[in-house]
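Working notes, structure below.
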Amino acid sequence: MKIRFTKMQGCGNDYVYVNGFTEHIPQEKKPEFVRFASDRHFGVGGDGVIFINPSDEADFEMEMYNADGTRAEMCGNGIRCVAKYAHDKGLTDRARFSIISGGKVKYMDLTVENGVTKAIRVDMGEPILTAAEVPVVSKNRQSIDEEITVENQTYRMTCVSMGNPHAVRLVENVATDLVCSVGSAFQKMPVFEHQVNAGFMQVVSSREINLRVYERGAGETLACGSGACAAVTSGIRRGFLGNDVLVHMRGGDIRVRWSGESEASVYLSGPAV
């Protein structure tokens, strides 16, 4: 089987992209293909594989898989790359269109220069803060600055879903925090029904944070768009971040805006290459 693909990345969060309009892999064989293509030694290499498909519910569908072959609901960096691919490869000539992923429709707003997409703003929808809908098992309606004991250590976390579940921990320094060991341990906790993306946030100012994320099925990635949205949302709800925040990750910077209103959308802006 020969499959044509495109390698793309948003702030170093890299995926193998397959045009589902022209390339066809049997559904039952996709996990195996994903594991092979994602392998950085014997395959193409990436944090996973994303199929760009036709959709009856939006202009396009993003069918996303983690590197280990498991399905994922949302990726803020990935969906920006899908938007760039769709426009720059001629699947659409519009600068505003919709993409569905994990059953949720997101809206793209592209900045285009000479026919090439330079930046993308994504309407990520409203954040989900209700614990049962994240989902996370909690005695409270919302899991905000809540204690969790992981491997005999007590941490505090705020849980947010951006279509996929996140647990955000506030740290003094992301460069020295044990992201991989603690992040991996977080995922195994039974309070997370579908596991969790573990975020580690260092506040620089009310308008700036440093962030590292240990993602389900991929480990620590160079950037996580939905994780950036979850981190900023958690900081705004706890009162130490403003409504427009620059997020520094190891792979680059993205910007997150949220008014703080419960039914208002979170907006994610950044590059796709």
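The values are calculated or read from the model by the stated rules, or taken from the named source; none is laboratory data. Bear in mind that the values here come from a model prediction, so they are computed numbers and not experimental data. Using ideal geometry, Cβ is built from the backbone for each residue, glycine included, and neighbour counts are taken over all protein chains shown. For accessibility, only protein heavy atoms count, side chains too; no ligands or nucleic acids. Shrake-Rupley method; radii C 1.70, N 1.55, O 1.52, S 1.80 Å.
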Problem - Hits in segment 69-104 (condition: under 20 Å from residue 11 (Cα atoms) and open to solvent by 20 Å² or more (accessible area, probe 1.4 Å)) - result: 73, 84, 85, 87, 88
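Quick check on my filter: what residues within segment 6-22 are part of a loop (DSSP other than H, G, I, E, B) and either of a type in the set (Lys, Arg) or surrounded by fewer than 16 Cβ atoms within 10 Å (Cβ to Cβ) (or both)? It would help to see each step written out before you state the result.
Taking segment 6-22 first, the residues part of a loop (DSSP other than H, G, I, E, B) are 11-12, 20-22.
Correct list: 12, 21, 22.
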Problem - Residue ranges of strands (runs of 3 or more DSSP E) in segment 230-273 with at least 2 members more than 18 Å from residue 163 (Cβ to Cβ) - result: 244-249, 252-257
Practice task
Go through (1) touching a residue at least 40 places away in the same chain (Cβ under 8 Å); (2) open to solvent by 80 Å² or more (accessible area, probe 1.4 Å) one by one and return the number of the condition residue 123 breaks.
Solution key: (2)
Handout entry: Per-region count, segment 33-53, residues surrounded by fewer than 15 Cβ atoms within 10 Å (Cβ to Cβ) and of a type in the set (Phe, Trp, Tyr)
Key = 2
Handout entry: Filter pass, residue 111 being open to solvent by less than 60 Å² (accessible area, probe 1.4 Å), farther than 24 Å from residue 218 by Cα and either without any contact (Cβ under 8 Å) to a residue 40 or more places away in the chain or of a type outside the set (Phe, Trp, Tyr) (or both)
Key = no
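Checking the condition of a type in the set (Val, Ile, Thr) and in contact (Cβ under 8 Å) with a residue 60 or more places away in the chain, which residue from 22, 6 passes?
Working: 22 fails: in contact (Cβ under 8 Å) with a residue 60 or more places away in the chain.
Answer to the check: 6.
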Handout entry: Of residues in segment 140-180 being part of a loop (DSSP other than H, G, I, E, B), modelled with pLDDT of 95 or more and open to solvent by 20 Å² or more (accessible area, probe 1.4 Å), the one farthest from residue 77 (Cα to Cα)
Key = 140
Practice task
Please verify whether segment 90-100 includes one or more residues that are part of a strand (DSSP E or B), free of Cβ contacts under 8 Å to residues at least 40 places away in the same chain and more than 23 Å from residue 258 (Cα to Cα).
Solution key: no
Handout entry: Residue count for segment 54-68, restricted to those that are in contact (Cβ under 8 Å) with a residue 60 or more places away in the chain and surrounded by fewer than 20 Cβ atoms within 10 Å (Cβ to Cβ)
Key = 1
Practice task
Can you run down the residue pairs with Cβ atoms below 6 Å, 6 or more apart or on separate chains, where the first is in segment 220-243 and within 21 Å of residue 73 (Cβ to Cβ) and in contact (Cβ under 8 Å) with a residue 40 or more places away in the chain and the partner is in a helix (DSSP H, G or I) and open to solvent by 10 Å² or more (accessible area, probe 1.4 Å)?
Solution key: 220/180
Completion exercise
When residue 30 is run through (1) open to solvent by 40 Å² or more (accessible area, probe 1.4 Å); (2) over 20 Å from residue 220 (Cβ atoms), the failure sits at (1)
Completion exercise
Listed by first then second residue, the pairs whose first member lies in segment 196-207 and is surrounded by fewer than 24 Cβ atoms within 10 Å (Cβ to Cβ), whose partner is acidic (Asp, Glu) and at pLDDT 95 or above, with beta carbons under 8 Å and at least 6 positions apart or on separate chains, are 207/244
Handout entry: residue 219 being open to solvent by less than 50 Å² (accessible area, probe 1.4 Å), more than 22 Å from residue 157 (Cβ to Cβ) and among the small types (Gly, Ala, Ser)
Key = no
